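Trainee: Below is one structure. I have some questions about it.
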Amino acid sequence: MSDTPPPSQDSISEEFRRLGENLIDTLRAAWDSPERKRLHQEVSEGLDELAKTIRMEIETFEESPTGQRLRSDVEDLRQRIRTGEMESKLRTEMLNALRLVNEELHKVSERWKGSSAGTPETDQAPQPEQPASPPSDPA
């Protein structure tokens with residue numbers, strides 16, 4: 001048998017308390033260190049310089065022929081959206097995407113139902129009814 005008694009609950013609790021205090025002291029010392037402050041300053045200055053550079057490049061790009069063309073294209077797109085031309089195309093594409101997602105989810109659901117009922121899985125699930133296509137918008 002050992003001569004040392006097993007550690008008591010109080011000594012374990014005391015060590016955890018001391019561990020917490022040491023962690024707090026260590027974190028506080030690291031936060032207050034000159035190295036951390038210097039790094040913080042360098043990062044701040046670097047981000048400021050990056051922001052200035054990006055602003056200058058944006059201004060240069062906006063004044064360039066490409067920037068002017070892009071601005072014109074964006075305005076054209078905005079006008080087509082206002083007139084409904086894009087709305088019709090967007091509606092059609094969204095409807096097609098939703099149909100596809102619903103079909104695939106239905107297939108997965110049918111496979112899971114089949115495997116939980118003890119029937120063999122199939123790749124051919126019954127096709128859901130297709131909703132009627134929206135009337136085309138003569139825009």
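Trainee: Which residue pairs have Cβ atoms closer than 9 Å, lie 6 or more positions apart in sequence or on different chains, and pair a first residue in the range 47-75 that is within 30 Å of MET86 (Cα to Cα) with a second residue that is among the aliphatic types (A, V, I, L, M) and modelled with pLDDT under 95?
Mentor: Matching pairs, first to second residue: PHE61/LEU70; GLU62/LEU70; GLY67/ILE58.
Trainee: For the range 1-91, give me every one of the helices (runs of 4 or more DSSP H) that falls completely inside it and has 1 or more residues that are among the aromatic types (Phe, Trp, Tyr) and surrounded by 10 or more Cβ atoms within 10 Å (Cβ to Cβ).
Mentor: The helices (runs of 4 or more DSSP H) meeting that bar are 9-32, 34-63.
Trainee: While we're on this one: What are the residues in the range 76-90 that are touching a residue at least 12 places away in the same chain (Cβ under 8 Å) and among the acidic types (Asp, Glu), if any?
Mentor: If we filter the range 76-90 for residues that are touching a residue at least 12 places away in the same chain (Cβ under 8 Å), which is where we start, we get 83-85, 87-88.
Selection gives GLU85, GLU87.
Trainee: When you check GLU42 against the structure, is it over 30 Å from MET86 (Cβ atoms) and modelled with pLDDT of 95 or more, yes or no? Before you say what the answer is, go through the steps one by one.
Mentor: On the way: over 30 Å from MET86 (Cβ atoms): yes; modelled with pLDDT of 95 or more: yes.
Yes, satisfied.
The values are calculated or read from the model by the stated rules, or taken from the named source; none is laboratory data. Everything numeric in this text was worked out from a predicted model, so none of it was measured. All Cβ positions, even for glycine, are placed from backbone atoms using ideal geometry, and neighbour counts span all protein chains on display.
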